[in-house]
Amino acid sequence: MRARRLFAVLFVLLLAVPAAAQMPDPRIMSGQFIPSPDLPTGTVTVRVIRQTIMNVAPGIDVELHGAGDVRHATTGPEGRAEFKGLPTGARVHAVAIVDGERLHSIDFDVPAAGGVRTMLAAGVGVGEMVNGAPAPAGSSPAAPAAPAPAAKPGQLAFANDTRFAVEFQDDTLAVFYLLDIVNPASGPVALSEPLVIDLPSEATGAGLLEGESPLATVKGRRLTIAGTLPSGVTTVPVAYRIESWGDTWTLSQTFPLPVVDVALVVQKVGGMRLSSPSAPTVRDTQLQGSPFIMGTGASVPAGTPLQLTLSGLPHRSRMPVYVTLAIAGALVVWGAWMAMAQSGASGAAEAARRRDLEVRRDRGLSALAALERRRAARALNDDDYREERESLVADLERIYSELDDRGGLPGGGQGLAA
């Protein structure tokens, strides 16, 4: 669900970038689509623009084909037409005629949950000019122009809705690379060698998110994209965690393809700050009541690190966790040594009872160490922590006392667990 929310956040922020910021090429974006979990199920929105993203086209009749009878909607002041109540699973496409130019999206499926956003761009050379009045309602989209020459791998880029996001999740930093590989040619491109992205050394739990391309795989900290890329956009969303950081955290990530028009989105907590030579234009924004920092910049060539630094991060020293683990480990080793020293001194029943006590003792020590980790991670309030710790310590003292009664602890065992 958090990944879905990030997709919605990034798409909305894309449409909210000021005109002065560098934006993706509308020619590449026109006719593509993006799933939007923030929309009601069965909803498709079509935004119509002229030449640039900020130059919206209101009052345009938009058709939606593929969901029974052709549906019509008119773009509003923001250049957006909306279609509601579509049957899930229907394969649809949008058509509009702007200034005598016929535009159409690629076919896409209405998802079972959430909706879809798409964009049609006029005046950028992707449509087909029509003579006279607009084509009659219900007509099918025009056949595409003659295929362009097959693209070379060097023409590929991370563009379209490519975004990089950072969010706090359960006392970790969750980092998202929402990568759109754009193949601008009309035909597929067979990669001569895989595209490889090595994630940072401190990354843990790396994996692909819903909606990923079958061409992408993640093993450990390595993302690999191999095979034949279709024409248009191939989506590769990947996420990982950063579990330890100080007041400042820096990311330096290289990519095998150029990143067109860098866009960074960071959840803001407290007085956090974002700086990036790759995205020098930084601004604060609000989305759904939550504060975010957004950075935009020019393209980053392949092999050149994309860099960002977050400062003023909330953090807590992990030293208490390490100390607790060391003490617990020492107690376990000491207990095991004492158990070995007394082995053979009792009969079979006594040995079985001792083993049971030792298992309970080890579990208690592990639970105590886990409790300290949870406290250090701020997963417990002070009252719950004290209550659980007193209960664990009392159980451990009873176990050590019984071991003492069987001759396992010299000089009495009271208070050893504490």
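The values are calculated or read from the model by the stated rules, or taken from the named source; none is laboratory data. Quick caveat: nothing in here was measured; it's all calculated off a predicted structure. Neighbour counts run over all protein chains shown; Cβ positions are idealised from the backbone, glycine included. Just the protein is used for accessible areas: all its heavy atoms, side chains included, with ligands, DNA and RNA removed. Shrake-Rupley method; radii C 1.70, N 1.55, O 1.52, S 1.80 Å.
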Those residues of the range 161-187 which are under 19 Å from THR228 (Cβ atoms) and either open to solvent by less than 20 Å² (accessible area, probe 1.4 Å) or β-branched (Val, Ile, Thr) (or both), in sequence order = LEU179, ASP180, ILE181, VAL182, ASN183, ALA185, GLY187
Spot the failing condition for LEU179; the list is (1) at pLDDT 90 or above; (2) farther than 24 Å from ILE106 by Cα, and only one is missed.
-> (2)
Could you tell me which numbered condition PRO320 fails, if it satisfies all but one of (1) open to solvent by 60 Å² or more (accessible area, probe 1.4 Å); (2) at pLDDT 85 or above?
-> (2)
Complete set of residues in the range 196-217 that are open to solvent by 40 Å² or more (accessible area, probe 1.4 Å) and under 30 Å from VAL110 (Cβ atoms) = LEU208, GLU210, GLY211, GLU212, PRO214, LEU215, THR217
Quick count over the range 254-273, residues being within 22 Å of ALA159 (Cβ to Cβ) and either in a loop (DSSP other than H, G, I, E, B) or over 17 Å from the mean Cα position of the chain (by Cα) (or both), is 9
Are there any pairs with C-beta distances below 9 angstrom linking a residue in the range 170-190 that is free of Cβ contacts under 8 Å to residues at least 24 places away in the same chain to a residue that is aliphatic (A, V, I, L, M) and open to solvent by 60 Å² or more (accessible area, probe 1.4 Å), with the two at least 6 apart or on different chains, and if so which?
-> ASP170/ALA379
Specify which of the listed residues (VAL70, VAL62, VAL56, VAL92) is modelled with pLDDT under 90 and more than 18 Å from GLY125 (Cβ to Cβ).
-> VAL56
Per-region count, the range 242-261, residues farther than 19 Å from GLU202 by Cβ and modelled with pLDDT under 90 = 2
When only residues in the range 85-108 that are in contact with a His (Cβ under 9 Å, 6 or more places away or on another chain) and either under 16 Å from THR74 (Cα atoms) or of a type outside the set (Val, Ile, Thr) (or both) count, which is surrounded by the most Cβ atoms within 10 Å (Cβ to Cβ)?
-> ALA94
Scan PRO35, PRO77, PRO40 and give me the residue that is under 18 Å from ASP161 (Cβ atoms) and open to solvent by 70 Å² or more (accessible area, probe 1.4 Å).
-> PRO35
What do you reckon, is GLY347 exposed (fewer than 14 other Cβ atoms within 10 Å of the Cβ), at pLDDT 75 or above and of a type in the set (Gly, Ala, Ser)?
-> no
Kindly indicate which of THR217, THR254, THR204, THR235 is of a type outside the set (A, V, I, L, M), under 18 Å from THR304 (Cβ atoms) and without any contact (Cβ under 8 Å) to a residue 60 or more places away in the chain.
-> THR254
Evaluate the range 221-231: report whether one residue or more is without any contact (Cβ under 8 Å) to a residue 24 or more places away in the chain and exposed (fewer than 14 other Cβ atoms within 10 Å of the Cβ).
-> no
Just a yes or no: is a residue in the range 113-132 at pLDDT below 80 and either surrounded by 12 or more Cβ atoms within 10 Å (Cβ to Cβ) or not basic (Lys, Arg) (or both)?
-> yes
Got a sec? Which of SER391, SER401 is open to solvent by less than 70 Å² (accessible area, probe 1.4 Å), free of Cβ contacts under 8 Å to residues at least 12 places away in the same chain and part of a helix (DSSP H, G or I)?
-> SER391
